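Below you'll find the structure, written out as structure tokens, and then a few comments.
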Amino acid sequence: MATENINPLNTTIGWIGTGVMGASMCLHIVKRGYKTFVFNRTREKARGLLEAGAIWVGSPKEVAERADIIFTMVGFPSDVEEVYFGEKGILKGVKPSAILIDMTTTKPSLAIEIYNAAKSKGASFIDAPVSGGDVGAKNATLSIMVGGDKDVVERVMPLLELLGKKIVYQGRAGSGQHTKMCNQIVVTGNMIGMCESLLYAYKSGLNIETVLSSISEGAASSWLLNNLTPRIVKGDFNPGFFVEHFIKDMEIALEEASRMNLCLPGLALVHQLYLATKAQGYGRLGTQALILALDSISKAGVFSKRD
């Protein structure tokens, strides 16, 4: 495989994880003409990719046996561990010289562990978590935060550029995951501010559309405000990113903060509020469902989930 000149004629791709974001991301690669082997625990979720020309295989190990470059985009650290280290995992079938790219948000320490395990088999690994949600995945406008060996990152850049518009090398293995934690800490603050602002606007009798026309272009402007507020107003709580996955990210950040003797009270507060959101039965909704929990706490009776 001439990875210095990656193109559909000389490079086969593997993709593991075809959920809300993974399916859209993989589709960009399939549409570019790459021979792509896919695996997901639920085959039905890969149907669109198979119809577009991807090839189904039965396990992560089989993906690794066939592909030169393998992407993973799964849910939790335990899923990442199983995909890489399980009995039918990638590292059981990986080819020397293969490049492994994990785009899941997971523990920095796990990224380093996979990096070392891959290296022992003659393969390379980079951690490349993303931000931008389902919209960014569909539009190939994700922000990609990358850790690992810089020369490997440069070699796979043609593929990363099919998925995102902002790709930044952060440093050694695990650095991409640490950067994603920084991203998520900012998002937690933005999310609670956005939801509390909407509750305040409604309860004070303001017209939400005129409020948004004022604050969406000022200092309060944010991606969340512009992309998730319209969904909340419509009662659309379908997941661009699951509540339970966001809780996972916050718990990783809190664990890392504790290890570094950092006090992050804002993050800790939002984490507790999201646990309340999940406890109310909203774990599989999008992160904007935080407003449902806040509405319930305040007994505001303003927002509700619409089918």
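Could you please rank SER175, SER221, placing first whichever residue has the fewest other Cβ atoms within 10 Å of its Cβ?
Sorted ascending by nearby Cβ count, the order is SER221, SER175.
Can you show me the helix-derived [θ] at 222 nm for the chain, built from DSSP H runs with n ≥ 4 at -39,500 (n - 2.57) apiece and divided by the number of residues, rounded to the nearest 500.
Calculated at 222 nm, the ellipticity per residue is -15000 deg cm²/dmol.
Rg(Cα) of the stretch 179-298 divided by 2.2 N^0.38 Å?
That ratio works out to 1.06.
To check you understand DSSP bridge types, tell me what percent of the beta bridges within the chain (both residues inside) are antiparallel, rounded to 5.
DSSP beta bridges in the chain are roughly 15 percent antiparallel.
Arrange the following residues from fewest to most other Cβ atoms within 10 Å of their Cβ: ASP249, ASP102, ASP236.
Ranked by crowding around the Cβ, least crowded first: ASP236, ASP249, ASP102.
I want the local charge near CYS263. Using Cβ-Cβ distances under 15 Å, sum +1 for each Lys or Arg and -1 for each Asp or Glu among the other residues.
Net charge around CYS263: -1.
With both partners inside the stretch 3-173, how many of the DSSP beta bridges are antiparallel, as a percent to the nearest 5?
Roughly 10 percent of the beta bridges in the stretch 3-173 run antiparallel, per DSSP.
Got a sec to turn the phi values of the stretch 32-45 into Karplus ³J(HN,Hα) couplings, 6.51 cos²θ - 1.76 cosθ + 1.60 with θ = phi - 60°, whole Hz, x for Gly and Pro?
7, x, 6, 5, 10, 9, 10, 9, 8, 4, 10, 4, 4, 6
Could you state the orientation-averaged shadow area of the convex hull built on the Cα atoms of the stretch 3-173, in nm² to one decimal?
Here the figure is 8.2 nm², rounded to one decimal.
So how far, in whole Å, is the C-alpha centre of the stretch 51-126 from the one of the stretch 133-148?
The distance from the Cα centre of the stretch 51-126 to that of the stretch 133-148 comes to 19 Å.
For the stretch 140-216, what mean projected area does the convex hull of the alpha carbons give, in nm²?
The directionally averaged projection comes out at 6.3 nm².
In whole Hz, what ³J(HN,Hα) sequence does the stretch 213-221 give by Karplus (6.51, -1.76, 1.60; θ = phi - 60°), x for Gly and Pro?
Computed from phi, the couplings for the stretch 213-221 are 5, 7, 8, 6, 10, x, 5, 7, 4 Hz.
Efficiency by 1/(1 + (r/R0)^6): what FRET value for VAL135 and ALA268, r their Cβ-Cβ distance, R0 = 45 Å, to the nearest 0.05?
Approximately 0.95, to the nearest 0.05.
Which FRET efficiency value, to the nearest 0.05, do you get for SER213 and SER258 by plugging their Cβ-Cβ distance into 1/(1 + (r/R0)^6) with R0 = 45 Å?
Between SER213 and SER258 the formula returns 0.60.
Using the 10 angstrom Cβ neighbour count as an exposure proxy, how do SER216, SER197 rank, fewest first?
SER216, SER197
Within the chain, what is the longest stretch that has no GluC sites (Glu not before Pro) placed in a DSSP loop and near at most 13 other beta-carbon atoms within 10 Å?
With a cap of 13 other Cβ atoms within 10 Å, the longest stretch comes to 218-307.
Given the pairs LYS92/LYS248; LYS88/LYS166; LYS107/LYS278; LYS121/LYS150, which are separated by over 24 angstrom at their Cα positions?
Check vs 24 Å cut-off fails for LYS92/LYS248; LYS88/LYS166.
Pull out the extension gain between ASN116 and ARG231, defined as 0.36 nm times the separation in residues minus the alpha carbon to alpha carbon distance; nm, one decimal.
Net length gain for the segment: 37.2 nm.
Only the coordinates and a few stated rules stand behind these numbers; no lab work does. Treat the numbers as computed from the prediction; the structure is a model and nothing was measured. Positions of Cβ are generated from backbone atoms using ideal geometry, with glycine treated the same way; all protein chains shown enter the neighbour counts.
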